[in-house]
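A.B. asks: One structure, as structure tokens, below. Some questions next.
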Amino acid sequence: MSAKVIVTIFGASGDLAQRKLYPSLFRLYKSGNLSEHFAVIGTARRPWSKEYFESVVVESISDLADSHEQAQEFASHFYYQSHDVADTEHYIKLKKLQEELNERYQAEHNKLFFLSMAPQFFGTIAKHLKSENIVDGKGFERLIVEKPFGTDLATASQLNEELLAAFDEEQIFRIDHYLGKEMIQSIFALRFANLLFENIWNKDYIDNVQITFAEKLGVEERGGYYDTSGGALRDMVQNHTLQLLSLLAMDKPSTFSKEDIRQEKIKVFQQLRKPSQKELQTLFIRGQYKSGTVNGKKYISYRSEPNVTPESMTETFAAGTFFVDSPRFQDVPFFFRTGKRLTDKGTLVNITFKQMESIFGVPLTPNVLTIFIQPTEGFSLSINGKEVGEKFQLAGNTLDYRTNATASGASPDPYEKLIYDVLHNDSTNFSHWEEVRASWELIDQIEDTWANNQAPLHFYQAGSMGPEASFELLQQQGTSWIWQPQANNDEQ
Ligand code: BG6
């Protein structure tokens, strides 16, 4: 069913809007989820005309449209208002435009607000939306917020308070774009639609879980932001890694409703073990890339990147061990690592099952289930088989299933999926405040240890898989990273 809604985007001239939001809205339009009863108000400081805004929208969807007429028809739903977020007058104009468009498009007063700008403005925007009666309790009113949601628990709590002045928790959709990715979604299916796995998804059968988010790219043009407010732990672990972990570790929800799934996810966040002072120094490691050569190409060090302080202590790599104190996973290590300028790009989970030492005196390797999230998508399961021949020798076999649904365009872009969910009031794939709060509590502990220099910063060569310390971390627990890509190797 096609949605009736007026969407207001704060930050409409920005990169995210052009790269992700307009194309995603267009795909929803093409698939009939948006049709005649919708309009988009774009706001930003720049003094754009409606014509110019339309041309920006048309340009952003040029690869997706079947014809120029189709692109033009879609863009005709877009209106622009030059907006200073601190100026009350502008909200009065915005309300007028909102009401006019509601009439014209018969949108039943439904409103969706998308905050795609720096978080320091969120509070001001929310306050004005309420005080100027744009949020007026008529129709549905939903707010989508981009990350980062704070840089620690204190800033996240303040931000949350500010938003709660105008919206209830149930109306706030905090984006974690990984939750919109096809393979993250299929973890539900893998776990709960296969008794084979569901019955062994616990500490009796699983030895350890390894989560890798590896990037080949460096910090690119985001050096200034990354160096002051980022770092791998805040940028990738507080959100994406812990969200993924919660889907892997949660108990089966009693029904597949958003409420029950949420409840199980929140439980995992609350059960995350708080490390002791000593564990904070031994279970988590940080790294930063030095210069290096990848496949013949030279890369500069992080400290030489534009807008990065030459003596920066910001980590571009983080690894560590989380534990979930639940009956299901008590004492099973969840190892994670994430970094920039690594050997290869790949997001994947390796689940290592417990194994017997040997059979007939022949040593056994453990079974590993791998969930490939990107760039390839799918699963593989390594099993032990017998080598052909008279003797009893074991040979490793891999059952491998990969698709290319995202690359081929068969599966939706994360933003398309997530906006679709918001239109359908489905908050399953968004971060609940309780999750954000619990994750910052844990991350703050690690950040404090690092800020006080109680754990060393390890340097690694650009193009490697991170510092030695990350390998030693697993060795100390009697295991090793399963995914060890080699330079020059395109396949995982
Ligand atoms: C973002 C981080 O959330 O995720 C970036 O801020 C990172 O630093 C990006 O590069 C990775 O996302 P993807 O979808 O390209 O794997």
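The values are calculated or read from the model by the stated rules, or taken from the named source; none is laboratory data. No experiment lies behind these values; they were computed from the predicted model shown. Glycine gets a Cβ as well: all are built from the backbone with ideal geometry, and neighbour counts include every protein chain shown. Quick note on the areas: whole protein, heavy atoms, side chains included, nothing else; ligands and nucleic acids left out. Shrake-Rupley method; radii C 1.70, N 1.55, O 1.52, S 1.80 Å.
A.B. asks: Kindly state, to the nearest 0.05, the FRET efficiency for Arg104 paired with Ser62, given R0 = 25 Å and r defined as their beta-carbon distance.
C.D. replies: Working from the Cβ atoms, E equals 0.40.
A.B. asks: Taking the range 261-417 on its own, what percent of its Cα-Cα pair distances exceed 20 Å?
C.D. replies: 71 percent
A.B. asks: Which FRET efficiency, nearest 0.05, do Glu387 and Glu161 yield, Cβ-Cβ r, R0 56 Å?
C.D. replies: 0.30
A.B. asks: Would you please name the chymotrypsin sites (Phe, Trp or Tyr not before Pro) within the range 329-400 that are DSSP coil residues with at most 12 other C-beta atoms within 10 Å of their C-beta?
C.D. replies: Counting only loop positions with at most 12 other Cβ atoms within 10 Å, the chymotrypsin sites (Phe, Trp or Tyr not before Pro) in the range 329-400 are Phe360, Phe392.
A.B. asks: May I ask you to list the aspartates and glutamates whose Cα is less than 17 Å away from that of Lys130, ignoring any residue fewer than eight positions away on the same chain?
C.D. replies: Asp84, Asp87, Glu89, Glu99, Glu141, Glu161, Glu162, Asp168, Glu169, Glu170
A.B. asks: Dipole of the chain (Lys/Arg Cβ +1, Asp/Glu Cβ -1, origin at the Cα centre): which of Val436, His458, Leu423 lies farthest to the positive side?
C.D. replies: So the residue furthest toward the plus end is His458.
A.B. asks: Past 24 Å, Cα to Cα: identify those pairs from Lys181/Lys290; Lys216/Lys278; Lys147/Lys216; Lys216/Lys290; Lys20/Lys95, in the order given.
C.D. replies: The pairs that break the limit, which is 24 Å between Cα atoms, are Lys181/Lys290; Lys216/Lys278; Lys20/Lys95.
A.B. asks: What are the extents of the Cα atoms of the range 62-124 along their three principal axes, listed from largest to smallest and rounded to whole Å?
C.D. replies: Each principal axis gives a Cα extent; for the range 62-124 these are 40, 29, 19 Å.
A.B. asks: Around Leu474, with a cut-off of 13 angstrom between Cβ atoms, what is the net charge of the other residues, counting Lys and Arg +1 and Asp and Glu -1?
C.D. replies: -2
A.B. asks: Place the peptides 316-328, 36-48 in order of packing, highest mean first, counting for every residue the other Cβ atoms within 10 Å and averaging per peptide.
C.D. replies: Output ranking for 316-328, 36-48: 316-328, 36-48.
A.B. asks: Do you know the Lys pair count in the range 296-386 for C-alpha distances under 20 Å, with sequence separation 8 or more or different chains?
C.D. replies: Taking the Cα cut-off of 20 Å, the pair count is 5.
A.B. asks: Cα centroids of the range 51-66 and the range 420-479: how far apart, whole angstrom?
C.D. replies: When both Cα centres are located, 38 Å separates them.
A.B. asks: Among Tyr302, Phe360, Thr155, which residue has its Cα furthest toward the positive end of the charge dipole of the chain, with +1 on Lys/Arg Cβ and -1 on Asp/Glu Cβ?
C.D. replies: Projecting each Cα onto the dipole axis, the largest value belongs to Phe360.
A.B. asks: How big is the charge dipole of the range 319-393 about its Cα centre, in debye rounded to the nearest 20, if each Lys and Arg gets +1 on its Cβ and each Asp and Glu gets -1 on its Cβ?
C.D. replies: 280 debye
A.B. asks: Roughly to the nearest percent, how much of the accessible area of the range 11-113 is carbon and sulfur, given a 1.4 Å probe?
C.D. replies: Percent of accessible area from carbon and sulfur atoms in the range 11-113: 48.
A.B. asks: Given the peptides 110-118, 383-391, 256-264, arrange them by the average over their residues of other C-beta atoms within 10 Å, most packed first.
C.D. replies: So the peptides 110-118, 383-391, 256-264, ranked by packing, come out 110-118, 256-264, 383-391.
A.B. asks: How many percent of the accessible area of the range 131-195 is carbon or sulfur, using a 1.4 Å probe?
C.D. replies: Here carbon and sulfur together make up 51 percent of the probe-accessible area.
A.B. asks: Counting every Cα pair in the chain, what percent are over 31 Å apart?
C.D. replies: In whole percent, the long-distance tail amounts to 49.
A.B. asks: Now for a different question. Under the rule a/c < 1.5 gives rounded, and otherwise a/b versus b/c splits prolate from oblate, where does the range 285-328 land using the Cα gyration tensor?
C.D. replies: It is oblate, given that a/c is not under 1.5 and a/b is not larger than b/c.
A.B. asks: Please state, as a whole number in µm²/s, the translational diffusion coefficient that the Stokes-Einstein equation yields for the range 60-208 at 20 °C and 1.002 mPa s, with Rh defined as the Kirkwood radius across alpha carbon pairs.
C.D. replies: Value of D from the Cα-based Kirkwood radius: 113 µm²/s.
A.B. asks: Follow-up question, since we're still on this one. Beyond 20 Å, how much of the Cα-Cα pair distribution for the range 410-492 remains, as a whole percent?
C.D. replies: Tail of the P(r) past 20 Å holds 66 percent of the pairs.
A.B. asks: So, for the chain, what is the accessible surface per residue at a probe of 1.4 Å, expressed in square angstrom?
C.D. replies: 43 Å²
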